[in-house]
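The values are calculated or read from the model by the stated rules, or taken from the named source; none is laboratory data. Model, not experiment: these values are computed from the prediction. When we count neighbours, we look across all protein chains shown, and the Cβ atoms used for this are built from the backbone with ideal geometry, even at glycine. Note: areas computed on protein heavy atoms with side chains; ligands, DNA, RNA excluded. Shrake-Rupley method; radii C 1.70, N 1.55, O 1.52, S 1.80 Å.
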Amino acid sequence: VTNSAEADVGFLAPLLGACGQTINAGIDIGTGNGLDPALGMGWGYAMTNPEARDWVDSRLVIHTGTNFCESSLTTSRLLFEAKEAGARIVTIDPHYSTTACKSDEWIPIEPGTDPALFLGMVSHILDKKLYDEDFMRQHTSLPFLVDEETRMLVKAKDPETDPLTAAVVPGQKDIYYVIDKGSAVLQGEASDIALSGTVEVKGCKARTVFDLLVEGQKEYTTQWASKVTGIPQATIEKLAEEYAQGPSSLCVGWGGWDKISNADVGGHAVAVLVALTGNIGKKGTGVGVYVGGSYSGHASVLGAWALPADMMPGASPVALYDMPTKENNVHAWIAVGDSYIQRMANCTAAEDWVRSLDLIVSADPYFTESCKWADYVLPLTTRFEYDEDFGNITNGYSHIVMQQKVIDPLFEAKTDLWFVRELAKRLGLDSVLPATARERADAILSTSPDEYVNTLTVDKLAENQCVWPAKDIAEVRRVVPDYAFATASGNIDLYYDSLVKHGQALPVWEPPLEARRDNPDRATMPFQLGGMRTRFRIHNQFNDAEGLQQLYVPAIDVNPSDLEGSGIRNGDVVEVANDRGSFKVPVHLNEAIRPGSARIYEGATADYTVEGNLQSVTNNTRLDRGYDMMMGPVAPYSDTIVSIKKA
């Protein structure tokens, strides 16, 4: 079962004992794979930030890989409030985006080279000693010791076999060694921690993480970063100095370099920047995806409708995107949402696997590409339709929000809850589910451990237009103000033992797989193709909305200089192609697009293009190290090159 983590369809996988594909999603996890292990939060999606309301206390706000004014239109005012309060807004983007044009400075960058920029900034901060030594000693793993031979962190053993672990700090999973007065001691016993040094510990020669970082960064000079990124060296150095001065906020996103093969390297390098400068936990500081939702504000602790303890989803060792190429025993696929297009790059390569299945069910409000493969199409309602007065309850933008019926279900559409309840009846399991949405909503409120929530009722919510402010809404939500990171050490853990065998224990530059300037295939496929977020829809939702179609239909934006002499004019239909597939859309000649790149808004499918799907050309290569990362490999949708010719 895919896309079943939210709302009432979340009951589906445990009800059936099916594999619930809610992790290893491939999408939106590129940056988080590198950033989140260091900070101990974010769930793999880089949701590690405070609220954007905090920007008013920032001196510098950097946007990179995100187009905030497009993808967070409802909260875009916060960018302007920050500017009015004196924050300097800098946007790093290959294209002159909506956010770039509203910023104080736009820094154009070669697509897929953002990790090189961050590594260059790290080197400049190290070279000029712009770092915060006290923060590094107290709140990061930079003083921890690494075995020079194995390249693994030196950890204390179980207290029963190693008395030194008497200093174990409650809540920590592991205890590490640091240098104090020239000797190795346990993390919690040191009084004067050294950032640099080599010592003998537990029978091995060990060096600090900081020393390894300094050594590894020597080749990543700002001159090198300038050559890779196309950004002037002086600009990189100025940005690094400003960021180090702080208070600074670094805003990453889900619509840019996070969908390049090297995104985890960028996320890891960003974590190093935070650790060196201490730009976290204080007013005006933060890092992560600021594009809205409950994670960017106060989220109340909601309860839930409890299923029997033994009713759990099955475990799947193979993610959806790997099923076409890796052995698995899947015979039936229930797609809630358009998983075929949304979760699979190079979707043409998945056709043989899809044809091999015994049963495909697609449940969706829209007739999507997944529906076209389905044996059964189950029309679900949109969030505006319901068969009761009120539906589900969730968090959103620092409020508790309850779904309210706007209209009755259209045509044959049924609600998510109706779908899973009727299925449960056929299995003789309907008693484990709520009989009504009201019953489920009551449980969500009443089973919360927070008195602020469990004393709230459906009727109170209804009287208040189905929204209720979170308890602490008056104050800006900030993260880790006590610097108690939910990591193995309790600090910012920058050294990844799990990636030692891949050479990425600390971030090491690698170019994009495909969308690199020196790729010889660019002689015939000269354009890097980026699938961007848009204000017109969320992924492919609302593709069929006639009102929005008056404003936007899928088109590919290209810089006019790239098509000189081709005979292609603005508005012509072009074929976008590579050796994976092709699609046809009108072309927009747009000087805001970086030469050598092409931009299209994500979610372009065959019903709304002239012909074909965007995902027929996108890159589905997955790096081996991805399987050792917290959210599995990223699908590098934008690490794609194409040719463009008149159709």
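Looking at (1) in contact with a helix residue (DSSP H, G or I) (Cβ under 7 Å, 6 or more places away or on another chain); (2) open to solvent by 10 Å² or more (accessible area, probe 1.4 Å), can you tell me which one LEU494 breaks?
Among (1) in contact with a helix residue (DSSP H, G or I) (Cβ under 7 Å, 6 or more places away or on another chain); (2) open to solvent by 10 Å² or more (accessible area, probe 1.4 Å), LEU494 violates only (2).
Say we look at the range 61-78 and pick out the residues that are surrounded by fewer than 24 Cβ atoms within 10 Å (Cβ to Cβ) and either among the hydrophobic types (A, V, I, L, M, F, W, C) or more than 21 Å from the chain's Cα centre (by Cα) (or both); which of these is modelled with the lowest pLDDT?
Among those that are surrounded by fewer than 24 Cβ atoms within 10 Å (Cβ to Cβ) and either among the hydrophobic types (A, V, I, L, M, F, W, C) or more than 21 Å from the chain's Cα centre (by Cα) (or both), it is LEU73.
Checking GLU385 against (1) surrounded by 14 or more Cβ atoms within 10 Å (Cβ to Cβ); (2) closer than 24 Å to HIS539 by Cα; (3) out of contact with any Pro (no Cβ under 7 Å at 6 or more places or on another chain), which test does it fail?
Every condition holds for GLU385 apart from (3).
Counting only residues that are open to solvent by 90 Å² or more (accessible area, probe 1.4 Å) and at pLDDT 95 or above, which one in the range 463-480 is farthest from the chain's Cα centre (by Cα)?
GLU463
For the range 405-448, which residues satisfy the criterion of being buried (at least 20 other Cβ atoms within 10 Å of the Cβ) and free of Cβ contacts under 8 Å to residues at least 24 places away in the same chain?
Residue satisfying the conditions is ARG421 alone.
Being aliphatic (A, V, I, L, M) and outside any helix (DSSP H, G or I) is the filter; apply it to the range 30-54 and report the residue that is farthest from the chain's Cα centre (by Cα).
Pass one, the range 30-54, residues aliphatic (A, V, I, L, M): 35, 38-39, 41, 46-47, 52.
Add one more test, that the residue is outside any helix (DSSP H, G or I), and what stays is 41, 46-47.
Values: MET41: 12, ALA46: 5, MET47: 7 Å.
Step by step, filter the range 30-54, then rank; the result is MET41.
For the range 191-233, name all the residues that are aliphatic (A, V, I, L, M), more than 18 Å from LEU276 (Cα to Cα) and either open to solvent by 50 Å² or more (accessible area, probe 1.4 Å) or touching a His at 6+ places or on another chain (Cβ under 9 Å) (or both). Let's see the steps before the verdict.
Going through the range 191-233, the residues aliphatic (A, V, I, L, M) turn out to be 193-195, 199, 201, 206, 209, 212-214, 225, 228, 231.
Pick out the ones that are also more than 18 Å from LEU276 (Cα to Cα) and you get 199, 201, 206, 225, 228, 231.
Within the range 191-233, ALA225 is the sole residue that qualifies.
Kindly provide the set of residues from the range 10-23 that are at pLDDT below 85 and either touching an Asp or Glu at 6+ places or on another chain (Cβ under 8 Å) or within 23 Å of THR381 (Cβ to Cβ) (or both), ordered by number. Outline the logic, then answer.
Of the range 10-23, the ones at pLDDT below 85 are 19-23.
Correct list: GLY20, GLN21, THR22.
Could you check how many residues of the range 349-362 are of a type in the set (S, T, N, Q) and surrounded by fewer than 18 Cβ atoms within 10 Å (Cβ to Cβ)? Before the answer, list the steps.
Looking only at the range 349-362, we keep the residues that are of a type in the set (S, T, N, Q), and these are 356, 362.
Imposing the further condition that a residue be surrounded by fewer than 18 Cβ atoms within 10 Å (Cβ to Cβ) reduces the set to 356.
Final tally of qualifying residues: 1.
In the range 323-338, how many residues are surrounded by 24 or more Cβ atoms within 10 Å (Cβ to Cβ) and either among the small types (Gly, Ala, Ser) or in contact with a Lys or Arg (Cβ under 6 Å, 6 or more places away or on another chain) (or both)?
2
The conditions are (1) open to solvent by 20 Å² or more (accessible area, probe 1.4 Å); (2) within 25 Å of THR99 (Cα to Cα); (3) assigned to a loop (DSSP other than H, G, I, E, B), and LEU548 fails exactly one of them. Which is it?
Here LEU548 meets the rest and fails (3).
Do any strands (runs of 3 or more DSSP E) lying entirely in the range 247-343 carry at least 1 residues that are modelled with pLDDT of 95 or more, and which ones are they? Break it down into steps so the answer makes sense when it comes.
Details: elements: 248-252, 286-289, 332-336.
Of the strands (runs of 3 or more DSSP E) lying wholly inside the range 247-343, those with at least 1 residues that are modelled with pLDDT of 95 or more span 248-252, 286-289.
Could you figure out which of (1) within 17 Å of the chain's Cα centre (by Cα); (2) over 30 Å from TYR340 (Cβ atoms); (3) open to solvent by 50 Å² or more (accessible area, probe 1.4 Å) isn't true of ASP57?
Only one criterion in (1) within 17 Å of the chain's Cα centre (by Cα); (2) over 30 Å from TYR340 (Cβ atoms); (3) open to solvent by 50 Å² or more (accessible area, probe 1.4 Å) is unmet by ASP57, namely (1).
Out of all the residues in the range 524-536, is one or more open to solvent by 40 Å² or more (accessible area, probe 1.4 Å) and in contact with a His (Cβ under 9 Å, 6 or more places away or on another chain)?
Filtering the range 524-536 for residues open to solvent by 40 Å² or more (accessible area, probe 1.4 Å) gives 524, 526, 533, 535.
Add one more test, that the residue is in contact with a His (Cβ under 9 Å, 6 or more places away or on another chain), and what stays is 533.
Checked against the condition, which is being open to solvent by 40 Å² or more (accessible area, probe 1.4 Å) and in contact with a His (Cβ under 9 Å, 6 or more places away or on another chain), the range 524-536 yields at least one hit.
For SER261, work out the one condition from (1) open to solvent by less than 10 Å² (accessible area, probe 1.4 Å); (2) of a type in the set (Ser, Thr, Tyr); (3) farther than 30 Å from MET344 by Cβ it doesn't fulfil.
Here SER261 meets the rest and fails (3).
Does the range 625-642 contain at least one residue that is open to solvent by 40 Å² or more (accessible area, probe 1.4 Å) and more than 18 Å from the chain's Cα centre (by Cα)?
Taking every residue of the range 625-642 in turn, none turns out to be open to solvent by 40 Å² or more (accessible area, probe 1.4 Å) and more than 18 Å from the chain's Cα centre (by Cα).
So for the range 250-273 (the condition being among the hydrophobic types (A, V, I, L, M, F, W, C) and in contact with a His (Cβ under 6 Å, 6 or more places away or on another chain)), does at least one residue qualify? So that I can check it myself, show each step before the final result.
Looking only at the range 250-273, we keep the residues that are among the hydrophobic types (A, V, I, L, M, F, W, C), and these are 250-252, 254, 257, 260, 263, 265, 269-273.
Okay, now just the ones that are also in contact with a His (Cβ under 6 Å, 6 or more places away or on another chain), so 251.
Taking every residue of the range 250-273 in turn, at least one turns out to be among the hydrophobic types (A, V, I, L, M, F, W, C) and in contact with a His (Cβ under 6 Å, 6 or more places away or on another chain).
In the range 129-173, which residues are open to solvent by 40 Å² or more (accessible area, probe 1.4 Å), within 25 Å of LYS205 (Cβ to Cβ), of a type outside the set (Lys, Arg) and modelled with pLDDT of 95 or more?
GLU133, GLU148, GLU149, THR150, MET152
Does the range 605-614 contain at least one residue that is in a strand (DSSP E or B) and either touching a Gly at 6+ places or on another chain (Cβ under 9 Å) or not basic (Lys, Arg) (or both)?
yes
Within the range 605-616, can you find the residues that are out of contact with any Phe, Trp or Tyr (no Cβ under 7 Å at 6 or more places or on another chain) and buried (at least 23 other Cβ atoms within 10 Å of the Cβ)? Even if it seems obvious, please write down each step before you answer.
The first filter runs over the range 605-616 and keeps only residues out of contact with any Phe, Trp or Tyr (no Cβ under 7 Å at 6 or more places or on another chain), leaving 605-608, 610, 615.
Listed by number, the residues that qualify are THR605, GLN615.
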